[in-house]
Amino acid sequence: MDDRNLMENMLMLEKGVCDLFMHGTIESSTVDVHRTFSQSLNDALCMQDQIYSKMQAKGWYPTEQVDQSKVNTVKQKFSTAQG
């Protein structure tokens, strides 16, 4: 397995961990459990961000710029839906 595949796997795993911690935070029954899940979620999000940043720096997680007209269309759609 090459480094890119390893990083992709790590990122997917970390995203799954974030999802589990988020649900644990939402569904926790006590303040202490909520606090523990919330802190774990924050730690996992920081780890996910670090992995993403390293992948992006190597060009392994390319992003594309969205045309501003598409952004405006979506903004308009949701602003009229709320009004």
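So here's what we get for this one:
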| quantity | calculated |
| --- | --- |
| Answer from Thr36, Thr80, Thr63 - the residue that is in a loop (DSSP other than H, G, I, E, B) and out of contact with any Leu (no Cβ under 9 Å at 6 or more places or on another chain) | Thr63 |
| Count of the range 1-33 residues which are of a type in the set (S, T, N, Q) and not in a helix (DSSP H, G or I) | 3 |
| Positions within the range 7-20 being within 24 Å of Thr36 (Cβ to Cβ), surrounded by 13 or more Cβ atoms within 10 Å (Cβ to Cβ) and charged (D, E, K, R), in sequence order | Glu14, Lys15 |
| Filtered residues of the range 27-80 (kept if of a type in the set (Gly, Ala, Ser) and open to solvent by 80 Å² or more (accessible area, probe 1.4 Å)) | Ser29, Ala57 |
| Arg4 vs. criteria in contact with a Phe, Trp or Tyr (Cβ under 9 Å, 6 or more places away or on another chain), open to solvent by 80 Å² or more (accessible area, probe 1.4 Å), of a type in the set (Lys, Arg) and without any contact (Cβ under 8 Å) to a residue 60 or more places away in the chain | yes |
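The values are calculated or read from the model by the stated rules, or taken from the named source; none is laboratory data. Bear in mind the structure is a predicted one, so any value in this text is a computation, not a measurement. Note that each Cβ is placed from the backbone with ideal geometry, even for glycine, and that neighbours are counted across all protein chains shown. Just the protein is used for accessible areas: all its heavy atoms, side chains included, with ligands, DNA and RNA removed. Shrake-Rupley method; radii C 1.70, N 1.55, O 1.52, S 1.80 Å.
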